Each structure stands twice: as C-alpha cells, then as structure tokens.
Amino acid sequence: MKRVFFRYPLSFVVLAMALLCAPLQARAQTINYGSLETLFGEPVTTSATGKPQRVSDAPVDMYIITQDDIRRSGAKNIPEILRGVPGVSVLQSGRNDYDVGIRGYNQSYSPNLLVLVNGRQVYLDDYGYTDWALIPVQLSEIRQIEVVEGPNTALFGFNAATGVINIVTMNPLYDDVSHASVSFGTGSYREASLVKTFQVNKRFALRISGGASKSNDFGHNVNPAEPAGIVVSPEDHALNIDGIYQLTPKSQLRIEASNSGAYQTEMTAFNFQTQARYVTYSLKTDYEADTDFGLVKAMVYRNWLDGNYAQDIYSTAATSDISNNVSVMQLADTFKAGLSNTFRVQGEYRHGAVSGTIVGAAGSSMQEDVYALSGMWGWDINRNWELTNSVRLDRLHMGHSGPIDASDTLLTDASFDRTIVEPSYNSGLVWKATPIDSFRLNSGRGLRMASLLDFGVSFRSGATIGAAPAVPVLQIGNPNLNPTIVTSYELGWNHKIKAIKGLFNADVFTEKMMDAMKPGGPIVACPAGCGAKPFSNNFVIQPQNVGWSRTYGAEFNLQGKFDEHWRWDVNDTVQRIYDHYTDATANTKDATPVNLTNLHLGWSSGPWESDAFVYFNTRFKQPQPTANAAAAVPMVTIPAHVSFSGRVAYTFGDHLTLSLSGQSLQSVRSVTSTGLETERRVFVSLDSNF
Amino acid sequence: MIVFLSKISKRMRARFPAVIKKAAAITFLGAVVVLSAQLARAQTAVSSPYVTRKDIQVAVRAFSFVYGVPEGAIQIEVVYDPNIAASVTEARELQGIIGAKDMFAKRQITVKMVTVAQMGTADSRFAYITHGLVKEYPALAAEAQNHKILTFSTDFKCVDSQSCVMGVESEPNVNIEISRTAAAASGIEFSQALELMVREVE
C-alpha cells in the first residue's frame, strides 16, 4: 500500500478529493440507532438476534444503557457503569482492575462474557477474558451499551457463554459529538478525553477520539502473601479513528482503527497479582448495503495484542511476553421472506494465534482456525406472537508450530492437532399479551472455548514445590480440553406502568454449565514419560474440565419517573449455584454472591443533575493463594458490602459542565475481592460540549 | 457527607444480616405495592379522537426511512370528505395540531386540506388520510399511484385494504404498519432496516 501510494500520489489525492467533494445524496438507511430510537421511543438493537429490533421486542433478557445513563452515572470506566444492571456482577480487584460476569460464575479473568465494540471482539483470546482498561472507547462517544444475559453463541460465536456486552459508539454520519473533558481526583487521579466528529459532507464523516488516565492504585493488599512491590500506579490510554463513507444511497463503507495501552497490577486467573503492560491495535472494515436480497453486512477485522507480565506471588524473576492476534471475516444477510418471516444467514472465518515466552521455546506459536455457519429464522406468527430460532455450527481446528519447551515432555506438536465441532442454538417465543405486557420464553446453548493458552501454554513458572531444593512447576496447556457448554432456560415478563412512567420486568432462569474449566488443575508430580527429558522431577499444572454446575436465579427490575425531575430504579438478582465438580478445589457456588441489589435515584432541574447509586452484594468467597504452590489454596470470605456512588453536576450555559462524583463513598476502604481493598475515590470533572 | 456515609456504613457493617433482610424486604414490598397499585388502577388509555401530535411526529420521523425523500420542509395534504362529519372533524383536528409552518422531527411542516379528487394538486408527496373514507379507497389509491404520494393514516383499515401506504399509532406503543402493495404502487421504497422492525401487510 505504501509503495503504491508513493508511486501514484496524484491518483490518491484525486480519489480523496472525489470522495470528499462527491455530490450530496440521500443517506443509506442501514442501522441509524439514533433515528430508530427516536422513532420508536425506545432503544434499538441488533445484538439479540442479529436483526434490528426494539429492545422490548427482543426474545432475550436484555438491558440497554444509554449515553444519558452513562453521563449521569459519574463513572470513570465501563465496569462501574455496568454495576447497576440486574444480573451483572462486577468484581473490583484494583483501581483499574475489573472483572464482569453475568448470572454468576464471575472470577478473575472472567471468561464467559463476550465483549464487543461495534461488533468487533475486544475479548482477548490469549487467556480468554476482557481487560476493560484496554477498550479503546471514550465514555462520551458511546451511544449505548447492550447487555444480553444468557448464552448467545448462535449469533456471536464462542465465548458468548453466559452473556454478551456490545458497546455501540456514535456514528459520525448521523451523530454530531464534540466533547472534551478533564478530571482530577483523590489518589492523584487525572484523566483527559476528547471526542470529535467531522461531517465533511453528506457522504463522508469521521470520528476521532482519544483519552488517557493515571492515578495511584489502591494501597492495601487483602492477600498478605502478595509481594510488597507488586502494586504499580495504573495508567491507560486509547485512540480511535472511525470513518464512514456513503458509497451509494444504499451502501456504506466504514473503517475503524484503534490503539490502546495499559499498565497495571491485575489479578490473574490464578487469583494472584501480576504487573501487566499491554498494547493493542485494531483495524476493522465494515460494508453495509440495503440490497434487493436483503441487508448485507460484510466485516473484516484484525486485533493485535502485546502483553508483558512481571512479578508474581511466586517471586518469578523473569518477565514473560505474549503476542496475540485475531483475524475475523464475517458475511451476513438479513432479509424478509413474505410478510412474516425474517431470515439471517452468516458465514464466519476466524484465525487466532498466540506466541511468546509462555508458549514454548522461541519461535513457537499456538493457532486456531474457526469456520462457522449460522442462521436465524424469525416468524411473526400473528400480531401478538413471535418465534425466533437461531442455530450455528462452529468447526475449530487448532495446531502448534515450533519447538515445545524443553521441559515439556508431555506434549508434542502432534498433541495439538485437534478439531472440535460444536453446535449452538437460541430459541425464543415472545407473547405480547396486552399493549403493556409481554412474556418471553427462551432457551439457548452457548459455548465457551478454551483459550489459546488453555490449550497451548508451556511455561516453567517460578512456583516451587516443597522445601529446598525447590522444584519448579511446569505449567502446560491441555489440548484435550472440551468446550464448556452452557444450556439455559428462561421465562421473562415485561410490564409497562403508566402511572410511574416506568417498567417492571422479572426473569427466572436456570443454566447448566457442562465441562466447566479450571485454569489450573491440581498440581501433580510429573507423570510417566517425564523422565525422558532433563526435567524429570518437575511438577505439572494443567487446565482441566472439572465437571458440571447448575444455577437457578431470578431478576426483578422496577424503574420509573415522577414529577418530571425525578427518575429511579431498583433491581434485585437472586441466584444459587450447585456445583458437581470432580475437582474438590473447584468452587463456583461459594464464589457467586447469592443476592445483588441496586438502587438509583436521580434528579434534574435546569442546569442541575444529581444521581445517587447504592450497590449491595452478599458475601462470597474467592481463592487466596500463598507463596507455596503446593499448598491448598484456601477460599477466603469476602464480606457482604454496600457501595455508594454518585454525581452532582451543574451546566453553565449550553456547553460547560462541572461535576463532582465519587465511588465507594461509604468508607475509606473496603474489601471487595482478594485483590486490593477498594478505596473511596472522589473526582472533579469539567466537560465541554463545544 | 462522606463522614455521614461512613457512619452509616459502619452501622450497616455491624448489623449486616438484619440490614440485608430489611433491604430485601423493603425492595420486595415496594415492588409489590407499586404493582398492586397499578393493577388496581385501570390503565385506560386516554382516548384521542382520531389523531394526535405524537402520531404525526412518528409519521414524519418515519419519512426519513423512505429513499429519495429530501431533508427539509414538506407539505402534507390532509385528505377529507366534506360530506363525512368524522372526516371533517379529524381534518380540523389535524389543522389544529399542525400550526402554520410547525416543526416536526426537524422538518417544517405545512398542511393543506384537500378532497380525494384534489390529491396531488399541491405537488405534495405526502397525504394524511382521515377516517371514514372507506368508499373512496379505490379513488384514493388511484390518485396516490398517479401522483406518487405516500399516503398515511391513523386508520389502519386504510392500510389493511392496501389503499394507504403507512399506518401509524403512537400510544400506548409506537406501531407502524406498511402496505407493500400500496407502497409499490406509489413507488415508495422504505429502508429494509425499518421494514424489519414494523408489521407489513400486502
């Protein structure tokens, strides 16, 4: 590309001028979220079934957080915004270290929730989790955050096992955003953010955003075994550029590129901390067209991640590096057949690879190729009944290339030559019993695939067994892991309540999680065969499928407005998990709070806005390892806790807003995980919509 | 404030089990009370004679999902029959709703009262069809086809009979219905994004 550009610079200039100066035409009406929301008086989504629909029509349990909600939350990051959503649990282990789970099973490096930005996966395939600090999005450029609860693999693929969060940003062709903000706070917090859209003409628009934050981390470690120097001051940055070009009145081309980075102390999947430094890049191209044979969408993207880890509870001296990239190609067509049937067909190809010092000797890498075919059929049976069915078949083939670590005597390249074929489905029936009542009955089968490192890690960790002479532990992948299969059944009721200008919704659900995975199974003496290589006295730790678990739960949500100035909501989630694990150390029952209750009261009048939030968590347990890798890892009780947060803001004129916000206001510090004790933080922010 | 919250927090920590039960009970009780009140209060929709301002807002917003409709001001013909009282009443209602050069969905809207025979004479592409014109549906559909007019109404019978292109309703929920036959006859093409979200009839 670079060569071509320099050879024909004039051609590119002419092409660019032609694009920018093209005559004005009516815009394509692909999915204009803002206009559709205004038209129907409620948010619109494509994350439930793949077709555009009102959130109240979605055959799944779904919540949409709007830009208004985000602004008024006073939150400084996405997990803090998600705290108030029914069924969502947020685990905070440091100032910038969050894990989010839906319907329980939350843990460090939470693997069961797929997170996307405009359909691009920001879930990291290396360890299989989402690092929220790396999401290259400023809060002021988010149009809505769509939270789908329950498995949705049939639409999104692997890892949408217990839920999906799709972050939809503003579309520069339709939305005009010019926003700058600076924030300062306790703990030496400072943050700056800028979002600007440029509507060059009616056919071409750009969105450019960037932001960075830095602060001190929380100061007190819950786990006394964590090394003293493990805590660093977290910092992160993000840049994003998003260009949309209206090719014809019925087609659009969108290109997004991003970069993000973070440096932080984070809790690993093994529940000990490490210092992590990340850099990510992404490049995505979307083509959407309103054609005679349906709404066609083609998407191609590639994500790059470089990570570096230093220090851990086992005093590992050496740092470790990983490099992970994911390439995805999707082609989908959504169309109506007749008056009452909607179909969507999609094909997908995905290639993922991870390399680095923890994937074996230099030059080694672990790869996977996934081919998937999916289909959705929506049937409007009559005015009151709708049935939606989705199915998907994924075929994953994995492989390892390059030399295996010399100490890994158990695996060879041939061990990784494996193919997995798994189906998934979603089926939902919606009954609009009255104009203000609708009922949902749905079922789904979701998949969580083992991460690339679950399959192929090969690393001699600093963990030692026993007294001197210490024996190192070999951490190796398990290419025979089966995907975790989540099967859910759910009944939901939505009821509009005019008197309170609000809504009540209730859901009862049950989910069965087969072949649950544990990142590190029991540490065992090197099995037979180890003797063939030099490190015959190694101990081995390997991820394992550990059996099954079932959860029963219910969610209640009531929200309303009164007196034009007030709005409120209260929600409650009750959940109980029953484990049937073959590994006695696996425990998701005690690791999931039985009850989550959230309250919100907001008031606005003229230039003033004020919002208060209360989050309540019953007690739960988390593993808390010691420096001796051989010792059993105890489960430590995290006491029940209440957290207050809030925001008060005053807007000067039309453009400048001064706000005071805070998190964990109830006490100087409180125990919310086995990571760092969560501290009270207060922020002053100045926002300008210029 | 922070000190106050800290004190509350300390007290709550000391009495957590009781507080948990109390909070859960209050939450549950609150929900039950509000719901019971709701059930007790019949939610009878406020009856609107024929058309509301919100209905027109919905319709005008939907126009932006029609290909070829330019941005900016539009004129709407209000089609009525002077011999039908309901039709006249509704047309007058609409005139009252849309004042001179009123703004709807960022568009300046003007209205002109016309009979079926006068449709299209104002060079407008949009026509609101009042209730009660059942006998004139064939003539109405023919005029709409001749002048390529997007006909819309709050009378869904007009859409179901393929005489109107679009039916709109704003309460208790926004409801849009499109007649494929009427739309095709008038050369009206909606975006598929909208078509996927509304009810379509022949």
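The values are calculated or read from the model by the stated rules, or taken from the named source; none is laboratory data. Just so it is clear, the structure is predicted and the values come from calculations on it, not from any experiment. A quick note on method: Cβ atoms are made from the backbone with ideal geometry, for glycine too, and the neighbour counts reach across all protein chains shown. All accessible areas refer to the heavy atoms of the entire protein, side chains included, with ligands and DNA or RNA removed. Shrake-Rupley method; radii C 1.70, N 1.55, O 1.52, S 1.80 Å.
Of note:
- Summed over the range A:615-630, the residues that are open to solvent by less than 40 Å² (accessible area, probe 1.4 Å) and more than 23 Å from the chain's Cα centre (by Cα) give a count of 4.
- Positions within the range A:235-274 being modelled with pLDDT under 95, closer than 18 Å to A:Gly307 by Cβ and either out of contact with any Asp or Glu (no Cβ under 8 Å at 6 or more places or on another chain) or of a type in the set (Gly, Ala, Ser) (or both), in sequence order: A:Ala269, A:Phe270
- Given (1) at pLDDT below 95; (2) open to solvent by 10 Å² or more (accessible area, probe 1.4 Å), index of the condition A:His179 fails: (1)
- Scanning the range A:673-690 for residues that are polar (S, T, N, Q) and more than 13 Å from every other protein chain (Cβ to nearest Cβ) returns A:Ser673, A:Thr674, A:Ser685, A:Ser688, A:Asn689.
- For the range A:249-270, a residue qualifies if it is open to solvent by less than 10 Å² (accessible area, probe 1.4 Å) and assigned to a loop (DSSP other than H, G, I, E, B), but none of them does.
- Qualifying residues in the range B:121-147 (those that are under 22 Å from the mean Cα position of the chain (by Cα) and over 16 Å from B:Tyr80 (Cβ atoms)) - the one surrounded by the fewest Cβ atoms within 10 Å (Cβ to Cβ): B:Arg125
- If you filter the range A:49-77 down to residues that are open to solvent by less than 10 Å² (accessible area, probe 1.4 Å) and among the hydrophobic types (A, V, I, L, M, F, W, C), you find that the one that is modelled with the highest pLDDT is A:Ile70.
- Some residue of the range B:123-141 being assigned to a strand (DSSP E or B) and within 14 Å of chain A (Cβ to nearest Cβ): no
- The range A:554-611, subset within 18 Å of A:Tyr63 (Cα to Cα), aliphatic (A, V, I, L, M) and touching a residue at least 40 places away in the same chain (Cβ under 8 Å), residue nearest to the other protein chains (Cβ to nearest Cβ): A:Leu558
- Residue list for the range B:170-195, restricted to those being within 8 Å of chain A (Cβ to nearest Cβ) and more than 17 Å from the chain's Cα centre (by Cα): B:Arg180, B:Ser191, B:Gln192, B:Ala193
- Among the residues of the range B:89-120, the ones that are farther than 14 Å from B:Glu143 by Cβ, hydrophobic (A, V, I, L, M, F, W, C), free of Cβ contacts under 8 Å to residues at least 40 places away in the same chain and open to solvent by 20 Å² or more (accessible area, probe 1.4 Å) come to 4 in all.
- Scanning the range A:213-225 for residues that are farther than 16 Å from A:Glu679 by Cα and either basic (Lys, Arg) or surrounded by fewer than 16 Cβ atoms within 10 Å (Cβ to Cβ) (or both) yields a total of 2.
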